[in-house]
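Let me begin by presenting the structure, written as structure tokens, before commenting on it.
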Amino acid sequence: MTVELFSLVATAALLLVLALISGVLYGKQIGNAALGGNRENLPAATGVAGRAQRAHRNLIENALPFAIVVLIAQVMQISTFVTQAAALVFLAARLLHAVVYIAGITRIRTPIWFAGVAANIALAVPLLL
């Protein structure tokens, strides 16, 4: 398995972990019994549960372009130091972004998000050349 594919699989695992964390935190907020129903008319997640949900949604939005670029790189059989490093930086940035977002640390969250976007761009550039 290439470093790029490993990073993609690890990103998918992070998505699952964030879904579980956000579900548990939201269940604590509104009561687990409410989650067993149709989830109609439930209150919005707030506090740490809301941040966990938003971190999960943000990762979904960023994981799709990453997955596309990684899979195209695999089809094109492109795996270089740059693409490998970019994939690892993306994964590290996304993991750190989730932790910082859930913890409510605001000042560094956006720069970390930009690091993930920049890594995805760095991964895509060799595919266009």
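The values are calculated or read from the model by the stated rules, or taken from the named source; none is laboratory data. The structure displayed is predicted, hence computed values, not measured ones. Cβ coordinates were reconstructed from backbone atoms using ideal geometry, including for glycine residues, and neighbour counts include every protein chain displayed. Protein only, heavy atoms only, side chains kept; ligands, DNA and RNA dropped before computing areas. Shrake-Rupley method; radii C 1.70, N 1.55, O 1.52, S 1.80 Å.
Excluding ligands and nucleic acids, what accessible area in Å² is computed for V9 using a 1.4 Å probe, to the nearest 10?
Estimated to the nearest 10 Å², V9 gives 80 Å².
Cα convex hull of the range 61-111: how many Å³ per residue?
68 Å³
Report the Stokes-Einstein translational diffusion coefficient (µm² s⁻¹, integer) for the chain, Rh taken as the Kirkwood radius over Cα pairs, at 37 °C with viscosity 0.692 mPa s.
211 µm²/s
What ranking of F6, F66, F81 comes out by heavy-atom accessible area, probe 1.4 Å, highest first?
F81, F6, F66
For the chain, what is the accessible area per residue in Å², given a 1.4 Å probe and the full set of protein chains?
57 Å²
For A13 and I30, compute 0.36 nm times the residue count separating them, minus their Cα-Cα distance, and round to one decimal in nm.
Between A13 and I30, full extension yields 3.5 nm more.
Considering only protein heavy atoms and a probe of 1.4 Å, how much of the accessible area of the chain is carbon and sulfur, as a whole percent?
Ligands and nucleic acids excluded, carbon and sulfur reach 69 percent.
Which order, highest average first, do 119-126, 15-22 follow once you tally other Cβ atoms within 10 Å for each residue and take the mean per peptide?
119-126, 15-22
To the nearest 10 Å², what's E4's accessible area with a 1.4 Å probe?
Accessible area of E4: about 0 Å².
Could you tell me how far the Cα centroid of the range 1-23 sits from the Cα centroid of the range 62-115, in Å?
So the separation of the two Cα centres works out to 11 Å.
Given R₀ = 25 Å, FRET efficiency for V117-T80 by Cβ-Cβ distance, to 0.05?
0.80
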